[in-house]
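The values are calculated or read from the model by the stated rules, or taken from the named source; none is laboratory data. As the structure is a computational prediction, the values presented were derived from the model and not from experiment. Using ideal geometry, Cβ is built from the backbone for each residue, glycine included, and neighbour counts are taken over all protein chains shown.
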């Protein structure tokens, strides 16, 4: 593991000696890369993805589309080890062979691939790690059954492993939106290739709405128009797509600027981005940071003193842990609401972040739908990361200001950001 100092399975974060004033470019969006890989696999002909993310979650999708029969080449693009140009020649969904997809820890991959598996003539087994098997799939499986697919849970009901035995015809289905927007995204991505198309009806309030916008945008790039939650029968066409930087990954550097009183510019993310997690800078602005929004870059400058805020993060939940770390240095408590569903992510992200802040002597309170962080000075701590990349990356921010902060199992960041600690070290430039 690259870093400032190293010992087995622990990364020591060395505090900054000066407030940063740097420009960074984070790797490509995981959400866009995985959606585009699947669309490319479903499109006849050859597609090209530029600046695509290479990380564990996207390698899981690469494995999946190859299992479906797509031809894939990956070439370094000179932008760093986590970036590549990927070409994909579409798969033959009429193949009758049985295939297996191992989605690793990737909720995105598994929930996008399951409905696509219901387009294949042959059977498809979708499975993952024990951590992924613990995550919910019930609402998506129920919708697939409504659409005519035959799916079998081979373990606990509503969980992986799942075998898709017979394809979906499409039509109408009800689906809940309060567990994960990925259920809807996966169904929409498969929708145009279902003989009867697709028309979804939400039965609950939707969380993480911006991720559906990403799905619609990627589908449009491959020639398919989504009308609300409906898709007419049709076909994808090959595309040449450049993947913009990942806004969730950028949140750590925006948070670092706010927490240290420094200035960080992230290139490639500007006003035109469809990624909802870029809205994290709006929260930092409420806390007193200065935000400059350009067409292709965003700059955050931290204030002399951050303010505590009360915020609903239901549509930007992947930034909740980052906000918790930033809130430690505010002038009053920060209350995060609307994210009860993140208890079903890689770990219970509400309980985990509260537990770890308390481990460092910070007063933090767990609520059903979020948490409260009371500012303080963290004591030297080796933080547990729960095999959750976002726990590691967010808690690393505390070590930029306070000595003695270390992270257990830092390698978990390979899920979405393999070079995170190298890029964090660039704040010393």
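Things to note:
- Residue 145 meets the stated requirement of being out of contact with any helix residue (DSSP H, G or I) (no Cβ under 9 Å at 6 or more places or on another chain) and within 19 Å of residue 200 (Cα to Cα).
- Test result for residue 311, at pLDDT 95 or above and crowded, with 24+ Cβ neighbours inside 10 Å: no
- Filter result for residue 9 (at pLDDT below 95 and in the same structural domain as residue 401 (by TED's automatic domain parsing)): yes
- Filter result for residue 35 (in contact (Cβ under 8 Å) with a residue 40 or more places away in the chain, crowded, with 16+ Cβ neighbours inside 10 Å and over 26 Å from residue 189 (Cβ atoms)): no
- Residues that are over 12 Å from residue 221 (Cβ atoms) and part of a helix (DSSP H, G or I) within region 31-47 comprise 31, 33, 34, 37, 38, 41, 42, listed in sequence order.
- Residues that are farther than 16 Å from residue 62 by Cα, touching a residue at least 60 places away in the same chain (Cβ under 8 Å), assigned to a loop (DSSP other than H, G, I, E, B) and in contact with a helix residue (DSSP H, G or I) (Cβ under 9 Å, 6 or more places away or on another chain) do not occur anywhere in region 156-163.
- Residue-level check: of (1) more than 30 Å from residue 195 (Cα to Cα); (2) out of contact with any helix residue (DSSP H, G or I) (no Cβ under 9 Å at 6 or more places or on another chain), residue 249 misses just (2).
- Any strands (runs of 3 or more DSSP E) falling wholly within region 275-391 and containing at least 2 residues that are within 26 Å of residue 25 (Cα to Cα) and outside the structural domain of residue 35 (by TED's automatic domain parsing): 290-293, 297-301
- Residues located in region 263-274, provided they are within 20 Å of residue 209 (Cβ to Cβ) and at pLDDT 95 or above: 269
- In region 111-127, the residues that are touching a strand residue (DSSP E or B) at 6+ places or on another chain (Cβ under 8 Å) and closer than 20 Å to residue 155 by Cβ: 113, 114, 117, 118, 123, 124, 125, 126, 127
- With a requirement of 2 or more residues that are without any contact (Cβ under 8 Å) to a residue 24 or more places away in the chain and either more than 21 Å from residue 30 (Cα to Cα) or out of contact with any strand residue (DSSP E or B) (no Cβ under 9 Å at 6 or more places or on another chain) (or both), none of the helices (runs of 4 or more DSSP H) lying completely within region 178-268 satisfies it.
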